[in-house]
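To keep things clear, I will list the structure first and then write my remarks on it.
Any read-out appearing in this document is the output of simple, stated calculations on the displayed coordinates, not a laboratory observation. Remember, it's a predicted structure, so these values are computed and weren't measured experimentally. As a convention, Cβ positions derive from the backbone with ideal geometry for all residues, glycine included, and neighbour counts pool all protein chains shown.
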């Protein structure tokens, strides 16, 4: 079976995110010399060949729920403009697609909701709760607790989605 270009680029981008997390990089788009040296030391890499040999290992980190949660939380601060406390919605949607797009069955619907919503940014509480929602709420929303402590954004998503299903 052949891999599509988008599938290949997804794997490259997600591994770069894991690498940035490993390096504890503070800014998207570049690594400081200190971040690079510290990260390469922790990965036991002293050449590009060794780093290439670690790509599968880095991708496998995403399969561990606790490590994935750490990477997911890291992605918020990594991707936001440092003078902003929230992620702009385009960046949030791109990062959610990267992190949850292939594993959360409701992601396409949630993305549609964000497309048509009034929200222009996503704050850290909303970001963290989207992951929790994706892990705990059934695809048919049958176990969604309307009295739970979910952010209003997720309450509105559930209401919006249920209204669409009812049509």
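What is the angle, in °, between the Cα long axis of helix 65-79 and the longest principal axis of the Cα atoms in the chain? Nearest 10 is fine, range 0 to 90. Result, in degrees: 90.
Mean-square fluctuations from a GNM of the chain, with a 10 angstrom spring cutoff on Cα atoms, peak among 90, 56, 147 at 147. Full extension of the segment from residue 30 to residue 155, taken as 0.36 nm per residue of separation minus the current Cα-Cα distance, would add 41.3 nm.
Max-minus-min Cα coordinates of region 30-157 on each principal axis give 51, 32, 23 Å, with the largest extent listed first.
By how many degrees, between 0 and 90 and to the nearest 10, does the Cα long axis of helix 152-166 differ from the longest principal axis of the chain? Long axis of 152-166 versus the principal axis of the chain: about 60 degrees. Among 75, 149, 20, the residue with the largest mean-square fluctuation in a Gaussian network model of the chain, with springs joining Cα atoms closer than 10 Å, is 149. Between residue 82 and residue 48, the simple label model (points 7 Å from Cα in the Cβ direction) yields a spacing of 2.8 nm.
Against the longest principal axis of the chain, how steep is helix 89-100, in degrees 0 to 90 to the nearest 10, with axes from Cα atoms? Here the helix axis deviates by roughly 70 degrees. Under a Gaussian network description of the chain, with springs only between Cα atoms under 10 Å, the residue in 109, 121, 130 that fluctuates furthest is 109. When 161, 44 are arranged by Cβ crowding within 10 Å, least crowded first, meaning fewest neighbours, the order is 44, 161.
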